[in-house]
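The values are calculated or read from the model by the stated rules, or taken from the named source; none is laboratory data. Remember, it's a predicted structure, so these values are computed and weren't measured experimentally. So basically every Cβ, Gly included, is an ideal-geometry build from the backbone, and we count neighbours across all protein chains shown. Heads up: the accessible areas ignore ligands, DNA and RNA and are worked out on the full protein's heavy atoms, side chains in. Shrake-Rupley method; radii C 1.70, N 1.55, O 1.52, S 1.80 Å.
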Amino acid sequence: MDSIFVCGGGSRVAGFGPRLFADVLEKHAAGFKPSVVPVPDHLPEGFVECASWYGGHLIAGIVMKDQSVRSKHCVTRADYRDHGARAIWRKLT
């Protein structure tokens with residue numbers, strides 16, 4: 001194992017970091033020296049709480065630039081109005 005990336009609300013539970021650190025040390029050979037890299041200071045206020053949404057936004061922005069992908073996977077307002085939640089399920093299957 002080279003890296004462990006922890007994110008999301010569960011990672012903010014009190015004591016999670018030290019517990020994970022201790023568990024990783026316990027399961028690895030002597031001499032293993034993990035390091036913890038905190039969230040950079042230059043990120044805007046509130047970023048950590050919304051990081052997964054920002055990531056999804058970035059990926060969606062990249063994927064949705066392709067018209068063929070957009071037409072195959074996006075539900076239009078009219079389609080949702082006419083078919084409701086079934087419109088979403090049709091795109092997913």
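Structural remarks
- Single unsatisfied condition, I88 versus (1) among the β-branched types (V, I, T); (2) open to solvent by 60 Å² or more (accessible area, probe 1.4 Å); (3) free of Cβ contacts under 8 Å to residues at least 12 places away in the same chain: (3)
- Counted residues, the stretch 61-83 - those being within 24 Å of the chain's Cα centre (by Cα), surrounded by 11 or more Cβ atoms within 10 Å (Cβ to Cβ) and assigned to a helix (DSSP H, G or I): 4
- Filter pass, K33 being open to solvent by 100 Å² or more (accessible area, probe 1.4 Å), within 30 Å of K91 (Cβ to Cβ), at pLDDT 75 or above and not aromatic (F, W, Y): no
- Close pairs from the stretch 14-25: first within 13 Å of I4 (Cα to Cα), partner open to solvent by less than 50 Å² (accessible area, probe 1.4 Å) and outside any loop (DSSP other than H, G, I, E, B), Cβ under 9 Å, at least 6 apart: G17/S11; L20/S11
Residue-wise test of (1) among the small types (G, A, S); (2) within 30 Å of H73 (Cβ to Cβ); (3) surrounded by 10 or more Cβ atoms within 10 Å (Cβ to Cβ).
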position: A14; (1), (2), (3): yes, no, no
position: G17; (1), (2), (3): yes, no, yes
position: D23; (1), (2), (3): no, no, yes
position: A29; (1), (2), (3): yes, no, no
position: H42; (1), (2), (3): no, no, no
position: E45; (1), (2), (3): no, no, no
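- For the stretch 10-56, filtering for residues that are under 21 Å from the mean Cα position of the chain (by Cα), in a helix (DSSP H, G or I) and among the hydrophobic types (A, V, I, L, M, F, W, C) leaves 6.
- Any hit, the stretch 72-90, residues being of a type in the set (D, E, K, R) and modelled with pLDDT under 75: no
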